[in-house]
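The values are calculated or read from the model by the stated rules, or taken from the named source; none is laboratory data. Values in this document were obtained by computation on a predicted structure and should not be read as measured data. Glycine gets a Cβ as well: all are built from the backbone with ideal geometry, and neighbour counts include every protein chain shown. For the accessible areas, the whole protein counts, side chains as well, though only heavy atoms, and no ligand, DNA or RNA atoms are used. Shrake-Rupley method; radii C 1.70, N 1.55, O 1.52, S 1.80 Å.
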Amino acid sequence: MVIDNISVDFNSDVAIYMQLRNQIVIGIATARIREGDVLPSVRQMAELIGINMHTVNKAYSVLRQEGLVTIDRRRGAVVTIDVDKIEALEELKGQMLILLAKSSCKNITREEVHQLIDEIYQEYQL
């Protein structure tokens, strides 16, 4: 099983399926989860972290839509990184527009944003 230390915060404002999705994305970015790895079955993952199977299924569906996993009838959810960089950059731009607008509303400077991005990005360098 490629997943370890997955947990959810039931008191968080972030939906449980998104918490799960986010932890898997971080696992892929930090190479704890690699291309070709098979995620636990929906049932196994639900039991592992104590959530409903439908919640896990929703997280896996989001990951599939984002091009991070494919669903294979025999193998289950398999990590497959989508190599369409142009599409990924456009998606990132859309997400960043909102984040940067919110940061501007909070008087966060360009330099502070760049420093934060550099700090976070260093965690994902192989």
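For region 98-126, the tally of residues that are farther than 23 Å from residue 27 by Cβ and in a helix (DSSP H, G or I) stands at 13. Just one of (1) β-branched (Val, Ile, Thr); (2) touching a strand residue (DSSP E or B) at 6+ places or on another chain (Cβ under 7 Å); (3) open to solvent by less than 80 Å² (accessible area, probe 1.4 Å) fails for residue 49. It is (2). Restricting the first member to region 67-78 and to residues that are more than 19 Å from residue 53 (Cβ to Cβ), and the second to residues that are hydroxyl-bearing (Ser, Thr, Tyr) and open to solvent by 20 Å² or more (accessible area, probe 1.4 Å), the beta-carbon pairs closer than 8 Å and six or more apart or on different chains are 67/80; 68/80; 70/80. It is to be established whether one or more residues within region 88-97 are in a loop (DSSP other than H, G, I, E, B) and either modelled with pLDDT under 90 or in contact with a Pro (Cβ under 9 Å, 6 or more places away or on another chain) (or both). For region 88-97, residues in a loop (DSSP other than H, G, I, E, B) and either modelled with pLDDT under 90 or in contact with a Pro (Cβ under 9 Å, 6 or more places away or on another chain) (or both): absent. Residues in region 8-36 that are assigned to a loop (DSSP other than H, G, I, E, B), at pLDDT 95 or above and surrounded by 13 or more Cβ atoms within 10 Å (Cβ to Cβ): 15 alone. Considering the conditions (1) more than 15 Å from residue 6 (Cα to Cα); (2) in a loop (DSSP other than H, G, I, E, B); (3) open to solvent by 50 Å² or more (accessible area, probe 1.4 Å), residue 54 is excluded by exactly one of them, (2). Tell me, please, whether a residue that is hydroxyl-bearing (Ser, Thr, Tyr) and over 16 Å from the mean Cα position of the chain (by Cα) can be found in region 24-40. No, region 24-40 has no match at all. Among (1) open to solvent by less than 90 Å² (accessible area, probe 1.4 Å); (2) under 23 Å from residue 20 (Cβ atoms), there is one condition residue 75 misses while meeting the rest; what is its number? Here residue 75 meets the rest and fails (1).
Reported count of residues in region 83-119, each being within 27 Å of residue 70 (Cβ to Cβ) and open to solvent by less than 90 Å² (accessible area, probe 1.4 Å), is 6.
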